[in-house]
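Undergrad: What follows is a single structure, and I will ask about it in a moment.
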Amino acid sequence: MLPASLRRTRAIAVKELRQLSRDRLTLGMVVGIPLVQMLIFGYGINYDVRHIRAGVVDLANTQASRALVADIASSQVVDIVARPPGAEELRRMIVTGEVHAGLYIPPDFERRRIDATRPVAQVIVDGTRPGVDTAVRAITDAPLPGRAGLVRRATPAIEVLTEFNPERRTAVQVVPALIGVILSMTMVIFTAIALVRERERGNLELLITTPVRSIELMVGKILPYIGVGLVQTTLVLLVGVLLFDVPINGSLLELYLGAGLFIAATLGLGLLISTIAATQFQAMQLGFFTLLPSILLSGFAFPFEGSPRVVQYLAQVLPLTHFVEILRGVILRGATLAELWQPVAKLAAFLVVAVGLAAVRFRKRLD
Amino acid sequence: MSAGGAADAGGAADAGIAIEAHALTRRFGPVVAVDGAELSIPRGRIYGFLGPNGSGKSTTIRMLCGLIRPTSGTMRVLGLDIPRQAEALRTLIGYMTQRFSLWEDLSARENLAFMASIYTLAPDHAVQRIAAAVEEYRLAEYLDRPAGTLSGGQKQRLALAAATLHEPPLLMLDEPTSAVDPQSRRDFWESLFTLAARGTTILVSTHYMDEAERCHALAILDRGRIVANGPPQKLMAELPLQVLEIETEDTVGARAALRGLDSLRSLAQLGLRLHALLAPGEADVVARVERLLAEQGVSAVVRRSAASLEDVFVGATLAGGGGR
């Protein structure tokens, strides 16, 4: 027979699984949320910005200037949707949001073409929109046949080799990290609510009069959801491989081990929240409070190398940061967990601290 | 001495006492929920806490279970020092909350099985105990229904079955019958007497007089203080008030007339009868009341009556409130 402590932990875990299996809506969310998010984000997020609405003011209106406009239009980075008569009108259109970029060709365009010290034209960019600036800059660097007379190199001075994602597809960058984002969304909230709901319904008052220990209750609550999390991981991976052609270069087993560790750490965070929140509403709010920084600071969407030091430290506290590192490492770069020992160790530390704090904070008392 | 404490329970000093509390006090901010409670509850008896909502019944029970720490005072429950040895007490008590606190989305069978594992009953013993509980509390019909769909009385029986699976020597029941119909309440009390006969000590709080009267002994609580305690018959016999029943068609006139009496402590109407509590000391109180009513032109029959537990309760809470 198992030791008493393990039997009680198992009893809690079995009860939790039973309740989960009766809760159709939650079961639906376990499967539905990852699938829907995966489709939306997998197709929806594209760092390769195209079809920016743009306006053109061509005051030169020569053969060369028309050729320049045609070249820029054919790049597909911008769609020329307006031809305002002057610079003022162009600015106006950017203010109102009708266009997000504009090309201004001055009347002395022809003279500027033969003067290598002056630019031939100006591109105006709406700096309030992320990504537009970078994308439009790219067209100004592009070799445009219409820019005759300009000095340019045939080959770049330094060659860039994009490893693991030679086609530079956004899906390859986004999909692995999405596993972590989707798990963060569901896991924290599930556990936070699982304990708070018992408090609201009065079950907890009964449980704390029994011999069950805090740590048994915490671990028993986490275990079933690790299973749920692994199911979600599988769903997201399947969609990633089948729909978005994301290669899995590393070991699948190591990927699951890493995912299990992250899921446990996230559940620990959920439990910690549940010891703070008094109602399910508060638990939801606290859950979302941790979610947004996770998504924005984890390096999922933006590289955090540019963030201030303090924010980078904050990112280090978020488990998602380390899991995104593990996901990209194992799935895309084919790294092993041993090679990724740093994020693995940080995740493990987070797990121990979160569950420990939750168990300490969870008093078997009502006052 | 966490384990030694349980052994002390068999010691000569408190052999017959299950629960002892001395100067037990609990404050919630400025509110004194329990104020200097003294308790000495013998083993194998049903002991009642009678009092209105907010009188400190639940707080006292929760302190005795170790769920709430006292602000001051000492408690020994089954020989254990509470709250210090609260964990050792967990396997020795069964607890029922005011509100149904088993899992409504689990079936009755699953709830019982879960509680058996939480108390780590050996698997074959658990099967045996669950079967016995199903038989004893007539749960067979509902065994596979979600607990949330059971009626008040059925939930009650299920909760009692779950609280007694591990055969605790002490049961703490916090207003167990507040959501139950009268027939189920009667059945429930039959079960409590069966448990007490087997040696279980039962502490039960209630605001029903008829339930309180069934207890071997009880404490009446009013605004955090124990204002009377003892066996119900003794409390009724020793009530220091005179009880009169006045039967009249003109209850309005009679009420008005009686209000002139200095010694009147309480007056309640039941149909065409008035039930009056009067201060002791007056020699021929019946004659005096009859005269008073006649002077006001009210025709009535006045007679003495034996004190009920409700009279004891009213009398005790009047004294506690400093007179009204």
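Undergrad: Criterion first (away from chain B (no Cβ under 14 Å), loosely packed, with under 14 Cβ neighbours inside 10 Å, under 30 Å from B:PRO146 (Cβ atoms) and not polar (S, T, N, Q)) does A:GLY97 satisfy it? Don't jump to the end; show me each part of the working.
TA: Details: away from chain B (no Cβ under 14 Å): yes; loosely packed, with under 14 Cβ neighbours inside 10 Å: yes; under 30 Å from B:PRO146 (Cβ atoms): no; not polar (S, T, N, Q): yes.
No; evaluated as a whole, the condition is false for this residue.
Undergrad: Could you tell me which residue of segment B:91-110 is farthest from the other protein chains (Cβ to nearest Cβ), considering only residues that are among the hydrophobic types (A, V, I, L, M, F, W, C) and more than 16 Å from B:PRO168 (Cβ to Cβ)?
TA: Here is the first cut: in segment B:91-110, the residues among the hydrophobic types (A, V, I, L, M, F, W, C) are B:92-93, B:96, B:100, B:102-103, B:106, B:108.
Retained after the next criterion (residues that are more than 16 Å from B:PRO168 (Cβ to Cβ)): B:100, B:102-103, B:106, B:108.
Working: B:PHE100: 7, B:LEU102: 7, B:TRP103: 6, B:LEU106: 6, B:ALA108: 13 Å.
So, considering only residues that are among the hydrophobic types (A, V, I, L, M, F, W, C) and more than 16 Å from B:PRO168 (Cβ to Cβ), the one farthest from the other protein chains (Cβ to nearest Cβ) is B:ALA108.
Undergrad: Hey, another quick one. Looking only at segment A:248-275, count how many residues are part of a helix (DSSP H, G or I) and either aliphatic (A, V, I, L, M) or without any contact (Cβ under 8 Å) to a residue 12 or more places away in the chain (or both). Spell out how you get there, then give the answer.
TA: Going through segment A:248-275, the residues part of a helix (DSSP H, G or I) turn out to be A:252-275.
Subsequent filtering for residues that are either aliphatic (A, V, I, L, M) or without any contact (Cβ under 8 Å) to a residue 12 or more places away in the chain (or both) retains A:252-253, A:255, A:257, A:259, A:261, A:263-265, A:267, A:269, A:271-273.
Count: 14.
Undergrad: For segment B:65-90, which positions are touching a residue at least 60 places away in the same chain (Cβ under 8 Å), out of contact with any Leu (no Cβ under 7 Å at 6 or more places or on another chain) and either surrounded by 22 or more Cβ atoms within 10 Å (Cβ to Cβ) or more than 12 Å from every other protein chain (Cβ to nearest Cβ) (or both)?
TA: Within segment B:65-90, the subset touching a residue at least 60 places away in the same chain (Cβ under 8 Å) is B:65, B:76-81, B:85, B:87-88.
Filter once more, keeping what is out of contact with any Leu (no Cβ under 7 Å at 6 or more places or on another chain): B:65, B:76, B:79, B:81, B:85, B:87.
Once the filter is applied, which keeps residues that are touching a residue at least 60 places away in the same chain (Cβ under 8 Å), out of contact with any Leu (no Cβ under 7 Å at 6 or more places or on another chain) and either surrounded by 22 or more Cβ atoms within 10 Å (Cβ to Cβ) or more than 12 Å from every other protein chain (Cβ to nearest Cβ) (or both), segment B:65-90 yields B:CYS65, B:ARG76, B:GLY79, B:ASP81, B:GLN85.
Undergrad: Restricting to segment A:71-88, what's the tally of residues that are touching a residue at least 12 places away in the same chain (Cβ under 8 Å) and either over 36 Å from the mean Cα position of the chain (by Cα) or assigned to a loop (DSSP other than H, G, I, E, B) (or both)? Explain how you work it out, then say what you get.
TA: Quick first cut of segment A:71-88, residues touching a residue at least 12 places away in the same chain (Cβ under 8 Å) only: A:71-72, A:75-87.
Next, from what is left, pick out any that are either over 36 Å from the mean Cα position of the chain (by Cα) or assigned to a loop (DSSP other than H, G, I, E, B) (or both): A:75-77, A:83-87.
Selection size over segment A:71-88: 8.
Undergrad: Restricted to segment A:1-60, and to residues that are charged (D, E, K, R) and in a strand (DSSP E or B), which residue is farthest from the other protein chains (Cβ to nearest Cβ)? So that I can check it myself, show each step before the final result.
TA: Here is the first cut: in segment A:1-60, the residues charged (D, E, K, R) are A:7-8, A:10, A:15-16, A:18, A:22-24, A:48, A:50, A:53, A:58.
With the extra rule that they be in a strand (DSSP E or B), the set shrinks to A:53, A:58.
Numbers: A:ARG53: 53, A:ASP58: 70 Å.
Top of the filtered list is A:ASP58.
Undergrad: Between a residue in segment A:221-239 that is farther than 11 Å from A:THR191 by Cβ and any residue that is outside any helix (DSSP H, G or I), which pairs come within a Cβ distance under 8 Å, given they are 6 or more apart or on different chains?
TA: A:LEU237/A:ILE248
Undergrad: Could you go through segment B:119-136 and let me know if any residue there is surrounded by fewer than 18 Cβ atoms within 10 Å (Cβ to Cβ), modelled with pLDDT of 95 or more and closer than 21 Å to B:ARG214 by Cβ.
TA: no
Undergrad: Sticking with this one: Looking only at segment A:281-332, count how many residues are outside any helix (DSSP H, G or I), closer than 25 Å to A:LEU237 by Cα and either of a type outside the set (Phe, Trp, Tyr) or in contact (Cβ under 8 Å) with a residue 24 or more places away in the chain (or both).
TA: Quick first cut of segment A:281-332, residues outside any helix (DSSP H, G or I) only: A:298-303, A:307-308, A:318.
Among the residues that remain, those that are also closer than 25 Å to A:LEU237 by Cα are: A:298-303, A:318.
From the residues that got through so far, the ones that are either of a type outside the set (Phe, Trp, Tyr) or in contact (Cβ under 8 Å) with a residue 24 or more places away in the chain (or both) too are A:298-301, A:303, A:318.
Selection size over segment A:281-332: 6.
Undergrad: Given the criteria away from chain A (no Cβ under 14 Å) and of a type in the set (Ser, Thr, Tyr), does B:SER40 qualify? Let's see the steps before the verdict.
TA: Numbers: away from chain A (no Cβ under 14 Å): yes; of a type in the set (Ser, Thr, Tyr): yes.
Here the answer is yes, as B:SER40 does meet what is asked.
Undergrad: Also: If you go through segment B:126-142 one residue at a time, do you hit one that is farther than 18 Å from A:VAL212 by Cβ, out of contact with any Cys (no Cβ under 9 Å at 6 or more places or on another chain) and polar (S, T, N, Q)?
TA: yes
Undergrad: At least 3 residues that are of a type outside the set (Lys, Arg), touching a residue at least 60 places away in the same chain (Cβ under 8 Å) and over 30 Å from B:CYS65 (Cα atoms) in each: list the strands (runs of 3 or more DSSP E) lying fully within segment B:187-303 that qualify. Let's see the steps before the verdict.
TA: Working: elements: B:201-206, B:217-222, B:225-230, B:242-248, B:264-270, B:273-278.
Qualifying strands (runs of 3 or more DSSP E): B:242-248.
Undergrad: Scan segment A:192-209 residue by residue and report those that are free of Cβ contacts under 8 Å to residues at least 60 places away in the same chain and within 35 Å of the chain's Cα centre (by Cα).
TA: In the first step, residues of segment A:192-209 are kept if they are free of Cβ contacts under 8 Å to residues at least 60 places away in the same chain; the result is A:198, A:201-204, A:206-207, A:209.
Once the filter is applied, which keeps residues that are free of Cβ contacts under 8 Å to residues at least 60 places away in the same chain and within 35 Å of the chain's Cα centre (by Cα), segment A:192-209 yields only A:GLU198.
Undergrad: Moving to a separate point now. Of everything in segment A:246-282 that's touching a Lys or Arg at 6+ places or on another chain (Cβ under 8 Å) and more than 21 Å from A:LEU318 (Cβ to Cβ), which residue is surrounded by the fewest Cβ atoms within 10 Å (Cβ to Cβ)?
TA: For segment A:246-282, the residue satisfying everything is A:ALA278.
Undergrad: Kindly list, by first and then second residue, each pair from a residue in segment A:5-31 that is farther than 15 Å from A:ILE193 by Cα to a residue that is crowded, with 17+ Cβ neighbours inside 10 Å and among the small types (Gly, Ala, Ser), limited to pairs with Cβ atoms under 7 Å and residues at least 6 apart or on different chains.
TA: A:ARG7/B:SER117; A:ARG8/B:SER117; A:THR9/A:GLY220; A:ALA11/B:SER117; A:ILE12/A:GLY220; A:ALA13/A:GLY220
Undergrad: Now for a different question. Within segment B:188-206, is there a residue that is among the β-branched types (Val, Ile, Thr), under 14 Å from the mean Cα position of the chain (by Cα) and more than 14 Å from B:ILE46 (Cα to Cα)? Spell out the reasoning first.
TA: Restricting attention to segment B:188-206, the residues satisfying the condition of being among the β-branched types (Val, Ile, Thr) are B:194, B:200-202, B:204, B:206.
From what is left, the residues that are under 14 Å from the mean Cα position of the chain (by Cα) are B:201-202, B:204, B:206.
The next check asks that each one be more than 14 Å from B:ILE46 (Cα to Cα); those that pass are none.
Checking segment B:188-206: not a single residue is among the β-branched types (Val, Ile, Thr), under 14 Å from the mean Cα position of the chain (by Cα) and more than 14 Å from B:ILE46 (Cα to Cα).
The values are calculated or read from the model by the stated rules, or taken from the named source; none is laboratory data. Just so you know, these numbers come straight off a predicted model, no measurement behind them. Because the Cβ atoms are built from the backbone with ideal geometry, glycine has one as well, and the counts that use them run over all protein chains shown.
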